[in-house]
Amino acid sequence: MSYLWYIPNQIEPGHRGDDTGRDEGWGTLDHSTDLARTAEEHGWEGALLGTGWGRPDTFTLGSTLAARTTTFKPLIAVRPGYWQPAHFASSAATLDHLSGGRVLVNIVSGLDNLAAYGDHTTDPANRYERTREFVHLVRRLWTEENVTYRGEHFAVENSSVLPHPGGYPDRHPTLYFGGASAAAERVAAAEADVQLFWGEPLGGLAERIERLRKLETTVERRHRPLEFGLRITTLVRDTTEEAWRDAEAKVAGMAEKAAAGTGRAAVGNRRTAVGQRRLLELAERGEVLDTCLYTTPGTVGGGGAGTTWLVGSADDVAQALQRYRELGISHFVLSDTPYKQEIVRVGDELLPKLRALESAR
């Protein structure tokens with residue numbers, strides 16, 4: 001089982017309602033380091049680092065946080081098209097070696113401001129085929145010598161990456177990947193180590209897991225079976241009643257800001273990405289699904305992992321996450337704001353309950 005937090009990697013303050021201001025260090029290396037060290041101290045294995053054009057470079061931040069921590073694992077989000085596969089394979093292998101095997105990688109294919117860094121591959125079919133080639137080639141460069149590969153999007157000749165990731169050739173950084181379209185699922189089934197889901201109801205994820213497991217048998221997967229992860233907001237309080245009171249107040253504040261035009265609503269491919277549309281449509285089925293999956297945040301501007309929240313006491317949320325575990329999900333990337341305060345609260349109150357449930361199994 002793996003439990004990670006989230007570090008936003010934003011220059012502008014106010015991300016998902018975080019109240020840290022510039023005068024308190026928001027957007028600085030010291031602030032991000034403080035979040036990473038706090039995560040280490042409160043039971044988290046590491047954190048996903050936010051990415052996107054217009055933010056600080058994610059790999060640079062991940063490298064620096066690895067140097068300033070001892071056990072913290074940065075889950076570094078990268079985009080094919082921003083990186084060439086051989087360049088990335090070499091950079092990640094070097095960081096993995098220097099950090100003692102602490103690098104995790106999240107491959108992102110969703111639309112970004114591609115033209116700003118010279119990428120023009122916007123057609124979804126081409127983007128996902130390029131992603132498949134990228135992950136396939138990176139894995140080969142981490143596990144083979146003198147790789148020659150010629151694909152539609154990338155090519156290398158007699159390429160070897162040194163130093164190899166630790167435990168060569170069997171161990172290398174874990175490759176996470178997200179995406180809900182049919183093309184994305186084919187990439188995950190063939191090449192990813194972990195398919196990362198957003199916070200959908202149990203029934204929908206059960207169907208997707210079953211479909212992905214069947215796909216694995218048809219796409220010539222060459223490595224260990226695909227694993228599954230969940231990226232979601234968790235609003236945890238001492239009691240169920242307190243949690244729902246705070247969740248509703250937080251959503252009311254988001255709605256007020258959205259109406260006044262002062263909020264920070266999710267942008268990008270919010271209305272076009274298949275996975276994001278699936279989340280937004282959940283609100284039509286009800287405000288609360290399963291036991292405590294809150295769908296209303298997406299109706300007032302919440303996007304991505306902030307579209308749906310698990311809300312409740314630590315026991316409530318632990319039981320909800322346990323039901324995801326029973327589907328086969330073994331990697332969890334959780335968060336709430338204010339980031340530092342919730343690293344401590346969720347780490348101290350929720351993680352011990354999750355690990356106790358894991359031991360009981």
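Here are the numbers:
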item: Identity of the residue in the stretch 257-271, more than 14 Å from residue 16 (Cα to Cα) and charged (D, E, K, R), that ends up modelled with the lowest pLDDT; result: 270
item: Inter-residue pairs, beta-carbon under 8 Å, first farther than 17 Å from residue 197 by Cα and polar (S, T, N, Q) and in the stretch 332-349, second modelled with pLDDT under 95 and not in a helix (DSSP H, G or I), 6+ apart; result: 337/18; 337/19
item: Single residue of the stretch 133-157 satisfying the filter (loosely packed, with under 13 Cβ neighbours inside 10 Å and touching a strand residue (DSSP E or B) at 6+ places or on another chain (Cβ under 6 Å)) that is nearest to residue 177 (Cα to Cα); result: 148
item: Sole residue being within 13 Å of the chain's Cα centre (by Cα) and either modelled with pLDDT of 95 or more or not in a loop (DSSP other than H, G, I, E, B) (or both), chosen from 35, 48, 61, 65; result: 48
item: Yes/no for residue 345 being among the basic types (Lys, Arg), farther than 24 Å from residue 21 by Cα and surrounded by fewer than 20 Cβ atoms within 10 Å (Cβ to Cβ); result: no
item: Flag for residue 311 being of a type outside the set (Ser, Thr, Tyr), modelled with pLDDT of 95 or more, assigned to a helix (DSSP H, G or I) and touching a strand residue (DSSP E or B) at 6+ places or on another chain (Cβ under 9 Å); result: no
item: Residue within the stretch 307-320 that is closer than 23 Å to residue 46 by Cα and touching an Asp or Glu at 6+ places or on another chain (Cβ under 6 Å) present; result: yes
item: Count of residues meeting criterion [within 25 Å of residue 109 (Cα to Cα) and either modelled with pLDDT of 95 or more or of a type in the set (A, V, I, L, M) (or both)] in the stretch 158-176; result: 6
item: Among (1) closer than 23 Å to residue 341 by Cβ; (2) of a type outside the set (A, V, I, L, M); (3) buried (at least 19 other Cβ atoms within 10 Å of the Cβ); (4) modelled with pLDDT of 95 or more, the one test that residue 30 misses; result: (3)
item: Count - residues of the stretch 1-60 that are of a type in the set (Ser, Thr, Tyr), under 21 Å from residue 177 (Cβ atoms) and in contact with a Ser or Thr (Cβ under 9 Å, 6 or more places away or on another chain); result: 4
item: Residue, nearest to residue 301 (Cα to Cα), within the stretch 13-32, restricted to residues that are free of Cβ contacts under 8 Å to residues at least 60 places away in the same chain and in a loop (DSSP other than H, G, I, E, B); result: 13
item: Pair list, Cβ under 6 Å, 6 or more apart: the stretch 89-110 residue in contact (Cβ under 8 Å) with a residue 12 or more places away in the chain, other residue among the acidic types (Asp, Glu) and not in a strand (DSSP E or B); result: 103/96
item: Search result, residues across the stretch 288-308 that are within 13 Å of residue 201 (Cβ to Cβ) and either acidic (Asp, Glu) or assigned to a helix (DSSP H, G or I) (or both); result: 290
item: Residue count, the stretch 191-220 (criterion: among the charged types (D, E, K, R) and under 19 Å from the mean Cα position of the chain (by Cα)); result: 4
item: Every pair of residues 6+ apart whose Cβ atoms lie under 9 Å, when the first sits in the stretch 223-244 and is among the charged types (D, E, K, R) and modelled with pLDDT of 95 or more while the second is part of a loop (DSSP other than H, G, I, E, B) and buried (at least 19 other Cβ atoms within 10 Å of the Cβ); result: 227/192; 227/193; 231/199
item: Filter pass, residue 188 being under 19 Å from the mean Cα position of the chain (by Cα) and at pLDDT 95 or above; result: yes
item: Options 284, 207, 248; residue that is at pLDDT 95 or above, surrounded by fewer than 20 Cβ atoms within 10 Å (Cβ to Cβ) and either in contact with a strand residue (DSSP E or B) (Cβ under 8 Å, 6 or more places away or on another chain) or under 24 Å from residue 16 (Cα atoms) (or both); result: 248
item: Within the stretch 287-308, considering residues that are surrounded by fewer than 20 Cβ atoms within 10 Å (Cβ to Cβ) and of a type in the set (A, V, I, L, M, F, W, C), the one farthest from residue 234 (Cα to Cα); result: 300
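The values are calculated or read from the model by the stated rules, or taken from the named source; none is laboratory data. This structure is a prediction, so every number in the text was calculated from the model and none was measured. Note: ideal-geometry Cβ built from the backbone for every residue, glycine included; neighbour counts use all protein chains shown.
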